Amino acid sequence: MILAEQAEKILNNVPVKLDSETVNLDEALGRILAQDIISRINMPPFNKSAMDGYAVISNDKSKRFKVIETIPAGVIPQKKVHPGECARVMTGGIVPESADRVIIKELTLEENGYIKVLGEEENKNVCIAGEDIKKGDKVLKRGTHIRPQELGVIASMGLDQVKVYKKSKVSVISTGSELALPGKNISQSQIYDSNSYSLSAQVLRTGAQLLGHKMVLDEPDKIEKLISDFLGLCDVLLISGGVSMGDFDYVPSILKNLGFTLHFEKVAFKPGKPTVFGTKQDQYVFGVPGNPVSTFVVFEIFIKPFLLRMMGHSYKPFMSSGILEERIERKKAKRAFYIPVEYREGFIKVLPYHGSAHIHALTRANALLCIPRGVKEIEKGSWVNVRQI
């Protein structure tokens, strides 16, 4: 058995092959940049009015100003502003030559082609050309996860296509003779397969390509055939169940028979001790426990960062600090222990949790709290860090 930190180190050091492709911006959301984005223009590209108002020379002390033209957004000014003059300009419009201040409309009175200033303000209300981004600036780095805001920045650079890393191809297998498909009638000895669906959803949230998910009985020949079939299609295979020490836990031995090197089979980690990771050339397999909370947590801690690294992104979980609302204690402390919690406005509430089969506990959780190895209790009112999910 290895420590969770050792497992993370192994996953971070396993060589992965990165391939890229060029996609249209409409297809780029959620992808990982495979290029630096270098600005070809200044942003804003001209001195731009931040408000509706009148463009003037800031040191002009005239009592009133003649309105010489109106400048809507998208229109090039035709005149230069001189002392005693102003140009009516709309938000986003170009501030004309020599003008360097916009008096907001609310502070003016316009009559007979002239304006009178009714009040003073400190702001110049002008966005200077290049103050956000200068031509030649590195706007986004390779490896950036493209969210809506990054997509908007790329579009503002005038790019309609972008180079991104290819999606990892992932398949999911759920093992267990007790499993039944949702929608089917079940006997007293059966449960519905939830892991196929939760794991598949977690895969899709990373931006990876899900090739499919299937359920299989605890029969070695059927498990090996399904694993072999999926390995012919995917880069990463996720297998839930069949990885512990029971009489029907065949997955580790099957993977070895198929030529996989298993880098670890047990991690000092709860829930999820019997976690398996193996490699064979450019293919990767994770075996995770069948209990649904274990499956979920192992994915968040180990598999999600690995999948994103395969797609060119160095993932760092979003951590929050807060005050623990109640005391936590446990009898054994040989493993790091992740529990579901609710984080709200700087406070952390421990949720009712009955063990690794209690997936319903996760529906109220928005974070995981790690109780470190060797720690048996954390006092109420302690400041702790949680990992958002």
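Observations, loosely collected:
- For beta carbons closer than 9 Å, sequence separation of 6+ or different chains, a first residue in segment 35-55 that is under 18 Å from residue 69 (Cα atoms) and a second that is among the hydroxyl-bearing types (Ser, Thr, Tyr) and not in a loop (DSSP other than H, G, I, E, B), the qualifying pairs are 53/108; 54/108; 55/49.
- Failed item, numbered, when residue 229 is tested on (1) surrounded by fewer than 20 Cβ atoms within 10 Å (Cβ to Cβ); (2) touching a helix residue (DSSP H, G or I) at 6+ places or on another chain (Cβ under 8 Å): (2)
- Positions within segment 30-63 being surrounded by fewer than 17 Cβ atoms within 10 Å (Cβ to Cβ) and either assigned to a strand (DSSP E or B) or touching a Leu at 6+ places or on another chain (Cβ under 6 Å) (or both), in sequence order: 38
- Checked across segment 371-378, the condition of being touching a Pro at 6+ places or on another chain (Cβ under 9 Å) and not hydroxyl-bearing (Ser, Thr, Tyr) holds for no residue.
- Residues of segment 196-226 that are touching a residue at least 40 places away in the same chain (Cβ under 8 Å), surrounded by 17 or more Cβ atoms within 10 Å (Cβ to Cβ) and small (Gly, Ala, Ser): 196, 198, 207, 208.
- Counted residues, segment 41-93 - those being within 16 Å of residue 128 (Cβ to Cβ) and among the charged types (D, E, K, R): 1
- Pair list, Cβ < 6 Å and 6+ apart or interchain, from segment 300-313 residues that are under 15 Å from residue 169 (Cβ atoms) to residues that are modelled with pLDDT under 95 and of a type in the set (Phe, Trp, Tyr): 308/315
- Residue satisfying all of: in segment 180-219; in a strand (DSSP E or B) and closer than 24 Å to residue 301 by Cβ; farthest from the chain's Cα centre (by Cα) among these: 213
- Residue within segment 272-280 that is assigned to a loop (DSSP other than H, G, I, E, B), modelled with pLDDT under 95, of a type in the set (S, T, N, Q) and under 28 Å from the mean Cα position of the chain (by Cα) present: yes
- Only one of the numbered conditions (1) assigned by TED's automatic domain parsing to the domain that holds residue 156; (2) in contact with a Gly (Cβ under 6 Å, 6 or more places away or on another chain); (3) not hydroxyl-bearing (Ser, Thr, Tyr) is not met by residue 103, and that is (1).
- Here residue 268 meets the list (1) of a type in the set (A, V, I, L, M); (2) farther than 19 Å from residue 10 by Cα; (3) part of a strand (DSSP E or B) almost entirely, failing just condition (2).
- Of all residues in segment 329-355, those that are under 21 Å from residue 298 (Cβ atoms) have Cβ atoms under 8 Å from Cβ atoms of residues that are of a type in the set (Phe, Trp, Tyr) and not in a loop (DSSP other than H, G, I, E, B), 6 or more apart or on another chain, in 330/337; 335/269; 336/269; 338/269.
- You will find that of 246, 143, 242, the residue that is of a type outside the set (A, V, I, L, M), modelled with pLDDT under 90, touching a Gly at 6+ places or on another chain (Cβ under 9 Å) and assigned to a loop (DSSP other than H, G, I, E, B) is 242 and no other.
- Residue match in segment 64-77 (condition: touching a residue at least 60 places away in the same chain (Cβ under 8 Å), farther than 17 Å from residue 108 by Cα, buried (at least 16 other Cβ atoms within 10 Å of the Cβ) and of a type outside the set (S, T, N, Q)): no
The values are calculated or read from the model by the stated rules, or taken from the named source; none is laboratory data. Values in this document were obtained by computation on a predicted structure and should not be read as measured data. Backbone-built Cβ (ideal geometry, glycine too); neighbour counts: all protein chains shown.
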